[in-house]
């Protein structure tokens, strides 16, 4: 199994044409190896959201090559991209994106119901195991309205993990959460990452990026910085400090 999960070669994304042409990405080269916890940062308009859409196979580059977990995905059709997303990617969003009248187990089962690979699996058992993995074993039958924001995000993380993807993409996963709950979510990401799960977090918050192993900075559609985190924070330790100071 290759150690490279993501390899992009000069991917460019252009919207519009002529005088209205906008280059949202400009020849971006990015390599992500298995087991990294990468933070992608940048201001609005920097290209980080477009890059996320490319990496998540939600959009295709205008030019350049993209290989995801050994599969060349640029140039694939919509159905092929949908299959790649289902089999190789897990998504976590700022707004949780849970079905409101559906309990935690059923929300986590959803990606498996769209699996076209022909694998026969006990979706209920896998969903329960994923929820237990994120600490929600006692909330299996709760609907989103019965869960806190942090718990809803944990359901979303369980949903992202249940298909055992090569990569988890988290788009501003702490954007709707308070400071304590944000640290709790990052503690969970660090725990999962320590188990070998590759995670990319798109964020504009430096307080979130310090929990990553590496930070990629975007500006004007290009990578302007790519460095390991020299003073990485331990979210579990920060959480203990926060509880101690509040006591």
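Just so you know, all these numbers are worked out from the coordinates, no wet-lab data involved. Keep in mind that this is a model prediction, so the values were computed, not measured. So basically every Cβ, Gly included, is an ideal-geometry build from the backbone, and we count neighbours across all protein chains shown.
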TODO: Determine which member of the set 169, 140 is over 25 Å from residue 205 (Cα atoms) and either touching a residue at least 60 places away in the same chain (Cβ under 8 Å) or more than 15 Å from the chain's Cα centre (by Cα) (or both).
DONE: 140
TODO: Report the residue count in the range 1-51 for those that are at positive phi, surrounded by 15 or more Cβ atoms within 10 Å (Cβ to Cβ) and assigned to a helix (DSSP H, G or I).
DONE: 0
Open item on the list: Please count how many residues of the range 67-94 are in contact (Cβ under 8 Å) with a residue 60 or more places away in the chain and surrounded by 13 or more Cβ atoms within 10 Å (Cβ to Cβ).
Closed with: 13
Task: Unmet criterion (only one of (1) assigned to a helix (DSSP H, G or I); (2) in contact (Cβ under 8 Å) with a residue 40 or more places away in the chain) for residue 131 - done: (2)
Open item on the list: Every residue in the range 174-187 that is over 13 Å from the mean Cα position of the chain (by Cα) and closer than 12 Å to residue 156 by Cβ, please.
Closed with: 176, 177
